[in-house]
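Structure record follows, encoded as structure tokens.
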Amino acid sequence: MDKSDCKSSWVGKGVDIGYCPIHDQYFLSGKGQQCKYYEPSTKDVKKVQSAKESRVEDVKNHACGSADMGSEDTGIEIPAPQWILDFNKMTQDIRSHAFTFKVTMKHAKNWSIRKKLLELAGFKVLPKGGAVPVDMVFFKGYKLWLSKNKLTIYFPDWKIYWSDMARTGYNYAVADLITLLHDLEKVLDSDFRINKEYRFRVSRQHHALVHNTLAKQYNREHKKLEVFDNRGELWLLIDNSDVHNIRMNDLETTSKKSADKDMDDTIKPFFNQLRETQLMPKDILNMIKEIAINQAKQNDEQMRIINDVTANQKVFAENQISHVQAVKILGDAVGKLDKRIGKFGRLSLNKKSIKELKAERVKRLKDKWW
């Protein structure tokens, strides 16, 4: 395609996105990009060269002025390394990490041309295989999967949130999620909200109670602990993550729907209570065994009661059957007796009627002849 001075035809597709109808090209005008087939006129070239020369002179003058400052304090501070900042946060005992969120992108503006706009912004978009077309891109350290109506965001390993409650760590992650969506909206000149709200759900979250006594014993003895619920989902495990060369001895909750609640409402309160009672891991195991034995005894007692109730129900059922049969026999006898009484009553009535008829006839004959 031939280059030309197409700048006069450019139109804005938003605050940061431009479009060249002559060459059918999108570009990020908000970041100073232009149509890649645009060739400025000679007049425009001279203006650009003049602006560059003026900028060079400004830089030279500023450099000379800085040299005259001597040993004056510039006010520049060297930031502390990230591992020191993270180490200070480790005094909080819950480490929230491994987040994955899925965001609904239905009806999002410019979502249909997302790949083209991301590539214009300098991001490398890779297609992923599968039944449903999905594109993958790394955006500000996050791995994004982009499909027709959904955006899946995988948080990087270095995204760790230290807090006293798992729910707080979850809220920190949501705050970073919103910030990331804002940045992506700027690149795509879009708005991902539906009725002024982002529609998303968490599909993965881990919350670890670090430096846990039970985890230390299991890791020291190279034992493995994984707890599954009735649906077969892994919701609790023991790990020994390495954070800046420090072993965490984690007791982690991992349910994608309830990991934060499991940690705040079950695991942490349980171990805090153990700390107050000063029980050791062996005591915990003995308690668990005792609970299991008591539960088994209760189950046996319940089974005995059920069997007794079942036996009583059986006797009652047999008595009921005998009672029903007796009532049926009695009913049949009453029915037969009723039939006999009825027949006798009819016979008596018929005999009485014949005698009366004969007496009436004799009386009429006497009256006639005498």
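Each value in this text was obtained by applying a stated rule to the coordinates, not by laboratory testing. These numbers come from a predicted model, not from an experiment. We place every Cβ from the backbone using ideal geometry, glycine too, and count neighbours over all the protein chains shown.
Would you please give the FRET efficiency between Asn149 and Tyr37, computed as 1/(1 + (r/R0)^6) with r the Cβ-Cβ distance and R0 = 35 Å, to the nearest 0.05?
According to the calculation, E is roughly 0.60.
Please report, in whole Å³, the volume per residue of the convex hull around the C-alpha atoms of region 123-227. If you can, show how the numbers build up before the last one.
Working: hull volume 17.9 nm³, N = 105.
Given the Cα convex hull of region 123-227, per-residue volume reads 171 Å³.
Please give me the summed charge of the neighbours of Met136: other residues whose Cβ is under 9 Å from its Cβ, Lys and Arg +1, Asp and Glu -1. Can you show the working numbers first?
Values: positive: Lys128, Lys143; negative: Asp135.
Local net charge: +1.
Output the pairs from Lys159/Lys223; Lys124/Lys257; Lys140/Lys256; Lys128/Lys159 with a Cα-Cα distance over 26 Å in this structure; if there are none, say none.
Lys159/Lys223; Lys124/Lys257
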